Amino acid sequence: MKKSANTASSNTPTTAAPRVAVAIMAAGKGTRLKSQLPKVLHEVGGKPLLAHVIAAATKVVPPQDVFAIIGHEADRVREAVASTGVNFILQPEQRGTGHALMVAQSSLSDYDHVIVLSGDAPQITPQTIASLLNFHLDEQAAMTLLSADLDHPTGYGRVIRKGAGSAEVQAIVEEKSATPAQKKIQEINAGFYVFATPQLFSHITKLSTANPHAEYYLTDMAEVLRQARQRVVVWKTDYPGEVLGANTRAELSYIDYQMRMRKCHELMAEGVSIFFPATCVIDSDVRIAPDTVIEPFVQILGKSRIGAACRIRSYSVISNSEIGPGVLIRPGCILDEARIGPGAILGPYSHLRPGSDIGESAHVGNFVETKKIKLGKGSKANHLTYLGDAEIGAGVNIGAGTITCNYDGVNKHKTVIEDEAFIGSDTTLVAPVRIGKGAYVGAASCITNDVPEDALAIGRGQQVVKEGWARQKRAAMHPPRRHGDTETRRRNCPEKQKH
Ligand code: UD1
Ligand code: CA
C-alpha cells in the first residue's frame, strides 16, 4: 500500500475519542406502584427494570463507565444488580431527577459526555442509545434529549421545539405545569439524555425547586442551557414503545406483555414454533434452538437453554434448566435447575428439582420427583417415585413407587445404583446404600444393606398362604338359610309387612 506523505504529520490534530459515561437514574421510590419493593426492582420479562437498562447501557460503554444512581432501599438495589459490575452513586434523599445528577458530579466530571438513562424504562435498546449519542456528538450539543410521538402522551414531559422542524429545543414542560395547548403536544420527553459534562455541571446549580413537586427537574436543564446560549437539541425515535416508563402496575404489566410477545416473535424468527404465544411466559435471557415446539401455557424462565427439535407440552414451568436436543416434555412438568440429556422423555407431571441430571434417552414419568441425582443413559423411572441424592447408572429400571430414603432426620445420604440394575416396584432404598451392577431387587423390598453385582435382594415379610381361609370366613358371616326363615322374619318386622 502506498503510504501518504503526511500520515504521521504533526499538523493533523489527532482527536482522541471522547470519554463517555452512562448514568442511570434509579433512586426513586416509585410511589405510584404502592409497593414495599423499590420501583426499579419490579420485574418485567423476568428480571428487574434496572437490570434491563443496565444490559442496554453495558452494550454501549463498559460496566466500569456505568453509574447507577441509587437511593431508596439502596442496599437492596445494589445487591440485586451487583453482578453486572457497574458503579453505584448514592442519592440519600431523592429531591428530583436534577438532584440525582447533582450528587453524581464528582464521579462524572472526568468524562466528556454523560448519557443519562431512566432506570424505570426497560425497553430502551443499545442501538437507540448509540444513535442518540452520535446525534449529540454530530450536533456538538450541550444537551440532547430523546423524544417520541405518543398517541396518549398524558403524564410525560412535552418537548417544545424552537420552531416546527427545528432540532433545537426551547424547553421541556412537565405535565403538571403544562398549559392546555402544551398538553396537546404529542412529542414527549423520553427521559433519556446526553449532556456535555462541563456544560451540565457548570449550569446545574441554576436548577430550582419552584415547581408543583418542589423538586430539581433535570428537564429544566433544557431551558437553563438555552438561556446560557448552549445548544440543546432533540432526536426523535421511530420506536415509541422503547421509551415507555413503568410508573404504575398497569404500565408494568403492559411492558411485560410487550416484552414477552417480542421475545416470542424473536424466537419464532429463529425457527421456534410457539402456538398461542400470548399464553406463554418466556424470560428475556432464555435461548431456544430451531424446530423446538412450545405448546400453549408454558413458562420458560431465567437462563434456561433448550436444544433443537424439542417439544414442550402445555402447563410446564421450566426455570434455569438446560435441555438437550430432541427432548419431549409432556404436560405439567416442573423443572428447576435441571439438566436433561438428548432424547429424554419427561412427564406428564414430573418434578425435577435442583441438581437433577437426566441422561440421554432416559425416561422420567408421572409423579416422579428428583433432586440432586444423576440418571444414566436410557434409564427409566416411570411412575410415582422419589429419587434424591442418588447416582444411577445406565440402563437401570426403577419400578413404580420406589423411594430413596436419603434423609435420616439430620444428614443426607447417597444411594448408588449401578448400570443395568432392576429395582422392583415399591422398593425403599435406605441410604447410604449401593445396588451393584445388574442386580435385582424384589418388589416391596426395604433395602438397608448393599447388594452385590448380579445378586437378587429381597427384603420384605414372607408371604403366608392359608388355604380355604376366605371361604370359611364367609361361611361364618353368612350361615346358609333354613326353609321358612323369611316368613318368620317378616312377622317379627312390622315395617316390612306394610310393603
Ligand atoms: C420523567 C421526566 C419526564 C419524562 C419521563 C419519561 C422529570 C422531571 N420528568 O418523569 O419529562 O417524560 O421521565 O419517563 O425528569 N429518580 C432518581 N432520583 C430522584 C427522582 C427520580 O433517581 O430524586 C429516578 C427514578 O427512580 C426513575 C427516574 O429517575 O427511575 C425518573 O423519575 P420519575 O419520577 O419516574 O419521573 P417521571 O415522572 O416519569
Ligand atoms: Ca418514570
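When you go through (1) buried (at least 19 other Cβ atoms within 10 Å of the Cβ); (2) outside the structural domain of Ile312 (by TED's automatic domain parsing) one by one for Leu267, which number turns out not to apply?
Among (1) buried (at least 19 other Cβ atoms within 10 Å of the Cβ); (2) outside the structural domain of Ile312 (by TED's automatic domain parsing), the lone unmet condition for Leu267 is (2).
Residue under question is Arg231, and the condition is that it be basic (Lys, Arg) and in contact with a helix residue (DSSP H, G or I) (Cβ under 9 Å, 6 or more places away or on another chain); does it hold?
On the way: basic (Lys, Arg): yes; in contact with a helix residue (DSSP H, G or I) (Cβ under 9 Å, 6 or more places away or on another chain): yes.
Criteria met by Arg231.
Let me confirm something: among Gly155, Gly165, which residue is among the small types (Gly, Ala, Ser), touching a helix residue (DSSP H, G or I) at 6+ places or on another chain (Cβ under 9 Å) and in the same structural domain as Val114 (by TED's automatic domain parsing)? Don't jump to the end; show me each part of the working.
Values: Gly165 fails: touching a helix residue (DSSP H, G or I) at 6+ places or on another chain (Cβ under 9 Å).
Unique residue meeting the criteria: Gly155.
Just to be sure before I move on: is Asn134 surrounded by fewer than 18 Cβ atoms within 10 Å (Cβ to Cβ), closer than 28 Å to Lys236 by Cβ and not hydrophobic (A, V, I, L, M, F, W, C) in the structure I sent? Quick ask: steps written out before the conclusion?
Values: surrounded by fewer than 18 Cβ atoms within 10 Å (Cβ to Cβ): yes; closer than 28 Å to Lys236 by Cβ: yes; not hydrophobic (A, V, I, L, M, F, W, C): yes.
Yes, satisfied.
Give the residues of the stretch 181-209 that are more than 39 Å from the chain's Cα centre (by Cα) and more than 13 Å from ligand 1 (Cβ to nearest atom), sorted by residue number.
Ala181, Pro198, Gln199, Ser202, His203, Thr205, Lys206
Given the structure, is Gly165 within 15 Å of ligand 2 (Cβ to nearest atom) and among the small types (Gly, Ala, Ser)?
Working: within 15 Å of ligand 2 (Cβ to nearest atom): no; among the small types (Gly, Ala, Ser): yes.
Taking the combined requirement at face value, the residue does not satisfy it.
Starting from the stretch 304-315, keep only residues that are at positive phi, then list their pairs with residues that are β-branched (Val, Ile, Thr) whose Cβ atoms are within a distance under 9 Å, requiring at least 6 positions of separation or different chains.
Note: pairs meeting the criteria are Ala309/Thr292; Ala309/Val293; Ala309/Val327; Tyr315/Val298.
Going residue by residue through the stretch 232-241, is there one that turns out to be closer than 30 Å to Ile185 by Cβ, within 16 Å of ligand 2 (Cβ to nearest atom) and surrounded by fewer than 21 Cβ atoms within 10 Å (Cβ to Cβ)?
To start, the set of residues in the stretch 232-241 that are closer than 30 Å to Ile185 by Cβ comprises 232-241.
Keeping just the survivors that are within 16 Å of ligand 2 (Cβ to nearest atom) gives 240-241.
After this cut, where a residue has to be surrounded by fewer than 21 Cβ atoms within 10 Å (Cβ to Cβ) as well, the list is 240-241.
Yes: the stretch 232-241 contains one or more residues that are closer than 30 Å to Ile185 by Cβ, within 16 Å of ligand 2 (Cβ to nearest atom) and surrounded by fewer than 21 Cβ atoms within 10 Å (Cβ to Cβ).
Please specify each residue of the stretch 353-406 satisfying the condition of being of a type in the set (Val, Ile, Thr) and either more than 14 Å from Asp419 (Cβ to Cβ) or outside the structural domain of Ser445 (by TED's automatic domain parsing) (or both). Give the steps one after another, and end with the answer.
Keep residues of the stretch 353-406 that are of a type in the set (Val, Ile, Thr), which gives 358, 364, 368, 370, 373, 385, 392, 396, 398, 402-404.
Correct list: Ile358, Val364, Val368, Thr370, Ile373, Thr385, Thr402, Ile403, Thr404.
Given the residues His203, His213, which is the only one that is more than 26 Å from Phe297 (Cα to Cα), surrounded by fewer than 16 Cβ atoms within 10 Å (Cβ to Cβ) and not aliphatic (A, V, I, L, M)? Steps first, answer last, please.
Working: His203 fails: surrounded by fewer than 16 Cβ atoms within 10 Å (Cβ to Cβ).
Just a single option satisfies the conditions, and that option is His213.
Within the stretch 377-442, considering only strands (runs of 3 or more DSSP E) that don't extend past its boundaries, which have at least 1 residues that are on the phi < 0 side of the Ramachandran plot and in contact with a Leu (Cβ under 6 Å, 6 or more places away or on another chain)? It would help to see each step written out before you state the result.
Working: elements: 380-392, 403-405, 415-417, 428-430, 433-435.
It comes to 380-392, 403-405, 415-417.
Does Ala269 satisfy the criteria of being touching a strand residue (DSSP E or B) at 6+ places or on another chain (Cβ under 8 Å), at pLDDT 95 or above, among the small types (Gly, Ala, Ser) and more than 16 Å from ligand 1 (Cβ to nearest atom)?
Details: touching a strand residue (DSSP E or B) at 6+ places or on another chain (Cβ under 8 Å): no; at pLDDT 95 or above: yes; among the small types (Gly, Ala, Ser): yes; more than 16 Å from ligand 1 (Cβ to nearest atom): yes.
Judged against the criteria, Ala269 is not a match.
Given the conditions (1) within 16 Å of ligand 2 (Cβ to nearest atom); (2) surrounded by fewer than 21 Cβ atoms within 10 Å (Cβ to Cβ); (3) in the same structural domain as Met25 (by TED's automatic domain parsing), which single one is not true for Thr248?
Every condition holds for Thr248 apart from (3).
Let's see how each residue does on (1) among the hydrophobic types (A, V, I, L, M, F, W, C); (2) at pLDDT below 95; (3) out of contact with any Cys (no Cβ under 7 Å at 6 or more places or on another chain):
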site	(1), (2), (3)
Pro452	no, no, yes
Ile458	yes, no, yes
Gln463	no, yes, yes
Arg481	no, yes, yes
Gly484	no, yes, yes
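Give the residues of the stretch 236-262 that are among the acidic types (Asp, Glu) and in contact with a helix residue (DSSP H, G or I) (Cβ under 8 Å, 6 or more places away or on another chain), sorted by residue number.
Just the residues of the stretch 236-262 that are among the acidic types (Asp, Glu), to begin with: 238, 242, 251, 256.
Answer for the stretch 236-262, where residues must be among the acidic types (Asp, Glu) and in contact with a helix residue (DSSP H, G or I) (Cβ under 8 Å, 6 or more places away or on another chain): just Glu242.
Checking Gly155 against (1) assigned to a loop (DSSP other than H, G, I, E, B); (2) within 13 Å of ligand 1 (Cβ to nearest atom); (3) under 22 Å from Thr197 (Cβ atoms), which test does it fail?
All conditions pass for Gly155, except number (3).
So which helices (runs of 4 or more DSSP H) stay within the stretch 1-118 end to end and still have 2 or more residues that are more than 10 Å from ligand 1 (Cβ to nearest atom) and modelled with pLDDT of 95 or more? Before you say what the answer is, go through the steps one by one.
Working: elements: 49-57, 74-81, 97-103, 105-108.
In the stretch 1-118, 49-57, 74-81, 105-108 are the helices (runs of 4 or more DSSP H) which contain 2 or more residues that are more than 10 Å from ligand 1 (Cβ to nearest atom) and modelled with pLDDT of 95 or more.
One residue is enough: does the stretch 89-102 have a residue meeting the conditions surrounded by fewer than 19 Cβ atoms within 10 Å (Cβ to Cβ), aliphatic (A, V, I, L, M) and more than 23 Å from Gly45 (Cβ to Cβ)?
yes
Read through the list (1) without any contact (Cβ under 8 Å) to a residue 12 or more places away in the chain; (2) of a type in the set (Asp, Glu); (3) surrounded by 15 or more Cβ atoms within 10 Å (Cβ to Cβ), then give the number of the only condition that Glu174 fails.
Here Glu174 clears every test but (1).
Could you please give the count of residues in the stretch 27-73 that are on the phi > 0 side of the Ramachandran plot and of a type in the set (Gly, Ala, Ser)? Let's see the steps before the verdict.
We begin by selecting, within the stretch 27-73, every residue on the phi > 0 side of the Ramachandran plot; these are 30, 34, 45-46, 73.
Add one more test, that the residue is of a type in the set (Gly, Ala, Ser), and what stays is 30, 45-46.
Summing the residues that are on the phi > 0 side of the Ramachandran plot and of a type in the set (Gly, Ala, Ser) in the stretch 27-73 gives 3.
Tell me, which residue of the stretch 168-205 that is among the basic types (Lys, Arg) and out of contact with any Pro (no Cβ under 6 Å at 6 or more places or on another chain) is farthest from ligand 2 (Cβ to nearest atom)?
Let us first name the residues in the stretch 168-205 that are among the basic types (Lys, Arg), namely 176, 183-184.
Okay, now just the ones that are also out of contact with any Pro (no Cβ under 6 Å at 6 or more places or on another chain), so 183-184.
Numbers: Lys183: 18, Lys184: 21 Å.
Filtering the stretch 168-205 for residues that are among the basic types (Lys, Arg) and out of contact with any Pro (no Cβ under 6 Å at 6 or more places or on another chain), the one farthest from ligand 2 (Cβ to nearest atom) comes out as Lys184.
The values are calculated or read from the model by the stated rules, or taken from the named source; none is laboratory data. Just so it is clear, the model here is predicted, and its values are computed rather than measured. Positions of Cβ are backbone-derived with ideal geometry, glycine not excepted, and every protein chain shown enters the neighbour counts.
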